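S.K.: Pasting a structure here, questions to come.
The values are calculated or read from the model by the stated rules, or taken from the named source; none is laboratory data. Model, not experiment: these values are computed from the prediction. Neighbour counts are summed over all protein chains in view; Cβ atoms, including those assigned to glycine, are modelled from backbone coordinates with ideal geometry. Calculation scope for accessible area: heavy atoms of the full protein, side chains included, ligands and nucleic acids excluded. Shrake-Rupley method; radii C 1.70, N 1.55, O 1.52, S 1.80 Å.
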Amino acid sequence: MEPRDKDPNPCRVIGVLDDGIASLNPTALAHLRTADVVIGGSRTLALLAQEFKPGAVLHDLTGQLRAVPDWVRSARQAHQSSVVLATGDPLCHGIAPFLAQHLCVHALDILPNLSTLQLACARIGLAWQDARIVSVHSQDAGEWVRGSTPAHGLYALAQALRAHQRLLLLTSPANSPDRIARLLLAEGLGEEFQMAVAENLLQPTERVLAELSPEDAAQMQFAPLNVVLLWRTRLQPEPVRFGLEDAAYQQRQPDKGLITKQEVRAVSLARLQLRADSVVWDIGAGSGSVGLEAARLCPHGHVYAIEKNEADHAIAGRNHAAFAVSNYSLHWGKAPQGLEHWPDPDAVFIGGSGGELAELIALVLRRLRPSGRLVMNFVTLENLGTAIHTLESAANVVWDVLQLQAARSKPILQMHRMAAENPVWLVCAQAQATSQEVHHG
């Protein structure tokens with residue numbers, strides 16, 4: 001940006017640490033001492049109270065974040081110099097991006113400081129250039145329960161744990177290190193990660209706990225001001241994402257076979273046209289095979305599964321526990337009950353229904369997002385007929401039927417024969433784009 005383009009009176013966004021003026025360079029300190037308007041959290045304002053010039057207007061942004069842009073605008077319109085005090089680096093889960101959204105970016109002059117995460121890494125000598133930063137500095141999210149949905153405040157952390165070797169966490173008093181440790185235990189990751197907790201950095205009461213096991217940390221209490229570092233102590237697994245053997249899943253015994261077989265599962269998942277962020281419904285989950293593989297294929301999406309049979313629901317739950325995914329929610333119930341609480345899907349798989357097939361198809365077609373796919377598996381002529389009749393009666397729907405019949409080799413004496421699997425019909429449907437959607441797509 002050329003010098004002539006610079007704003008003559010920008011709002012200075014200054015990063016501050018808990019050692020107060022010692023953390024500020026001469027330029028930042030000069031802006032602070034000459035500011036007509038100073039905006040900051042109550043703790044930061046108290047920390048620097050001796051540095052404000054007489055008559056400076058102070059605004060406490062605690063609980064009033066939305067008011068900050070208007071405070072800045074008012075100061076600029078009155079030709080007053082303004083400063084917003086932030087913690088550490090204002091561009092790292094800080095206030096600067098929020099201000100940039102509501103004010104012209106040229107109206108800001110950002111003076112970053114060290115992030116508290118950098119300081120914590122320095123305390124224990126942990127390289128952080130390849131770490132994932134996650135903020136759980138939010139309202140009380142409640143304890144994490146396996147299978148929680150994206151609405152949970154710790155959901156992003158649960159997903160990041162599956163994908164990264166090192167994580168740096170900005171916490172809050174409620175979403176504390178012990179709660180994070182309990183999340184690790186709930187997800188079966190208690191022996192996969194080690195923790196460090198840095199409390200009250202740059203204060204006289206600073207404490208750094210460098211090597212904590214999640215099991216120990218889950219029972220401890222920590223100072224409200226802290227950051228958490230997590231790193232893997234075991235090699236991150238790279239599981240098969242697609243087309244697992246049927247034997248990889250627990251199945252109901254002795255009625256083995258209550259599972260979407262590998263060949264049919266592979267084609268069904270292909271026809272669903274999944275993306276990394278797809279929202280998927282798995283109705284009639286059975287052993288959970290389709291939904292669980294979909295969860296691996298959609299690491300930034302979520303799978304909502306429902307199964308009405310209590311025994312099969314329990315089996316799907318055990319498969320979930322063994323599958324190392326955190327973006328899968330399994331419900332016990334009979335569809336369509338409960339589906340009204342699920343978000344609209346990008347893809348829906350129906351592997352079984354309890355006599356409500358026509359109603360389910362109609363509901364799914366209403367709820368599918370644009371370009372969404374519905375895939376159904378049938379082994380009976382009656383259900384196939386119901387599905388076709390329902391789709392024929394629907395408006396703006398394109399559909400097709402694919403029959404699959406696989407045969408697997410079986411040993412016989414010193415040779416092999418082919419043993420046929422039962423034929424399966426795949427009925428695939430998609431809402432047809434209207435002319436308006438095509439024109440604007």
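S.K.: Which of the residues that make up the stretch 80-123 are among the hydrophobic types (A, V, I, L, M, F, W, C) and in a helix (DSSP H, G or I)?
M.R.: Ala96, Phe98, Leu99, Ala100, Val105, Ala107, Leu117, Leu119, Ala120, Cys121, Ala122, listed by residue number.
S.K.: For Val145, only one of the following conditions fails: (1) assigned to a loop (DSSP other than H, G, I, E, B); (2) surrounded by 14 or more Cβ atoms within 10 Å (Cβ to Cβ); (3) not acidic (Asp, Glu). What is its number?
M.R.: (2)
S.K.: Given the residues Glu340, Glu307, which is the only one that is open to solvent by 20 Å² or more (accessible area, probe 1.4 Å) and charged (D, E, K, R)?
M.R.: Of Glu340, Glu307, the one residue that is open to solvent by 20 Å² or more (accessible area, probe 1.4 Å) and charged (D, E, K, R) is Glu340.
S.K.: Can you tell which of Val290, Val280 is closer than 28 Å to Ala420 by Cα and among the β-branched types (Val, Ile, Thr)?
M.R.: Val290
S.K.: Please go through the stretch 324-337 and give me each residue that is open to solvent by 10 Å² or more (accessible area, probe 1.4 Å) and aromatic (Phe, Trp, Tyr), ordered by number.
M.R.: The one that is open to solvent by 10 Å² or more (accessible area, probe 1.4 Å) and aromatic (Phe, Trp, Tyr): Trp332.
S.K.: Still on this structure, I have one more. With Gln159, Gln165, Gln129 as the choices, which residue is free of Cβ contacts under 8 Å to residues at least 60 places away in the same chain and open to solvent by 20 Å² or more (accessible area, probe 1.4 Å)?
M.R.: On the way: Gln159 fails: free of Cβ contacts under 8 Å to residues at least 60 places away in the same chain; Gln165 fails: free of Cβ contacts under 8 Å to residues at least 60 places away in the same chain.
After applying the criteria, what remains is Gln129.
S.K.: Here's another thing I want to ask about it. Which numbered condition in (1) outside any loop (DSSP other than H, G, I, E, B); (2) more than 26 Å from Ala156 (Cα to Cα); (3) in contact with a helix residue (DSSP H, G or I) (Cβ under 7 Å, 6 or more places away or on another chain) is the only one that Lys53 fails?
M.R.: Here Lys53 clears every test but (1).
S.K.: Consider Leu184 carefully, then state whether it is outside any loop (DSSP other than H, G, I, E, B) and under 20 Å from Ala321 (Cα atoms). Break it down into steps so the answer makes sense when it comes.
M.R.: Working: outside any loop (DSSP other than H, G, I, E, B): yes; under 20 Å from Ala321 (Cα atoms): yes.
Here the answer is yes, as Leu184 does meet what is asked.
S.K.: Looking at the stretch 61-77, which of its residues are more than 37 Å from the chain's Cα centre (by Cα) and open to solvent by less than 60 Å² (accessible area, probe 1.4 Å)?
M.R.: The answer is Ala75, and nothing else.
S.K.: Say whether the condition of being at pLDDT 95 or above, more than 12 Å from Val227 (Cβ to Cβ) and open to solvent by 20 Å² or more (accessible area, probe 1.4 Å) is met by at least one residue in the stretch 134-141.
M.R.: No; the residues of the stretch 134-141 include none that is at pLDDT 95 or above, more than 12 Å from Val227 (Cβ to Cβ) and open to solvent by 20 Å² or more (accessible area, probe 1.4 Å).
S.K.: Could you list, ordered by first residue, the pairs with Cβ atoms under 9 Å in which the first is in the stretch 198-210 and free of Cβ contacts under 8 Å to residues at least 60 places away in the same chain and closer than 20 Å to Trp231 by Cα and the second is part of a loop (DSSP other than H, G, I, E, B) and open to solvent by 40 Å² or more (accessible area, probe 1.4 Å), at least 6 apart or interchain?
M.R.: Final answer for the pair search is Glu199/Thr205; Glu199/Glu206; Glu199/Pro224; Glu199/Leu225; Leu209/Met220.
S.K.: Would you mind telling me which numbered condition in (1) open to solvent by less than 60 Å² (accessible area, probe 1.4 Å); (2) among the hydroxyl-bearing types (Ser, Thr, Tyr); (3) at pLDDT 95 or above Ser172 fails?
M.R.: Only one criterion in (1) open to solvent by less than 60 Å² (accessible area, probe 1.4 Å); (2) among the hydroxyl-bearing types (Ser, Thr, Tyr); (3) at pLDDT 95 or above is unmet by Ser172, namely (3).
S.K.: Step by step: first the residues of the stretch 187-243, then only those that are part of a strand (DSSP E or B) and open to solvent by 80 Å² or more (accessible area, probe 1.4 Å), then the one that is nearest to Ala127 (Cα to Cα). Which residue is that?
M.R.: Glu211
S.K.: Shifting gears a bit: Can you tell me which residue within the stretch 1-22, out of those that are assigned to a loop (DSSP other than H, G, I, E, B) and closer than 11 Å to Ser82 by Cα, is most open to solvent (accessible area, probe 1.4 Å)?
M.R.: Per the stated criteria, the residue is Asn9.
S.K.: So if I check each of Asp282, Asp277, which one is open to solvent by 10 Å² or more (accessible area, probe 1.4 Å), at pLDDT 95 or above and acidic (Asp, Glu)?
M.R.: Answer to the check: Asp277.
S.K.: Right, something else. Can you say whether Ser135 is in contact with a Leu (Cβ under 8 Å, 6 or more places away or on another chain) and hydroxyl-bearing (Ser, Thr, Tyr), as far as the supplied structure shows?
M.R.: Yes; evaluated as a whole, the condition is true for this residue.
S.K.: Moving on to the next point. Out of all the residues in the stretch 364-379, which are assigned to a helix (DSSP H, G or I) and open to solvent by less than 30 Å² (accessible area, probe 1.4 Å)?
M.R.: Val364
S.K.: Return the residues of the stretch 23-50 that are more than 18 Å from Leu65 (Cβ to Cβ), part of a helix (DSSP H, G or I) and either touching a residue at least 12 places away in the same chain (Cβ under 8 Å) or open to solvent by less than 40 Å² (accessible area, probe 1.4 Å) (or both); say none if nothing qualifies. So that I can check it myself, show each step before the final result.
M.R.: Looking only at the stretch 23-50, we keep the residues that are more than 18 Å from Leu65 (Cβ to Cβ), and these are 23-36, 46-50.
Checking the rest, the ones that are also part of a helix (DSSP H, G or I) come to 23, 26-34, 46-47, 49-50.
Those that are more than 18 Å from Leu65 (Cβ to Cβ), part of a helix (DSSP H, G or I) and either touching a residue at least 12 places away in the same chain (Cβ under 8 Å) or open to solvent by less than 40 Å² (accessible area, probe 1.4 Å) (or both): Ser23, Thr27, Ala28, Leu29, His31, Leu32, Arg33, Thr34, Leu47.
S.K.: Tell me whether the stretch 335-345 contains one or more residues that are farther than 17 Å from Ser278 by Cα, polar (S, T, N, Q) and out of contact with any strand residue (DSSP E or B) (no Cβ under 9 Å at 6 or more places or on another chain).
M.R.: no
S.K.: Are any residues in the stretch 56-78 over 19 Å from Ile14 (Cβ atoms), part of a loop (DSSP other than H, G, I, E, B) and at pLDDT 95 or above, and if so, which ones?
M.R.: Ala78
S.K.: Do you know which residues across the stretch 400-409 are without any contact (Cβ under 8 Å) to a residue 60 or more places away in the chain and open to solvent by less than 90 Å² (accessible area, probe 1.4 Å)?
M.R.: Asp400, Val401, Ala407, Arg408, Ser409
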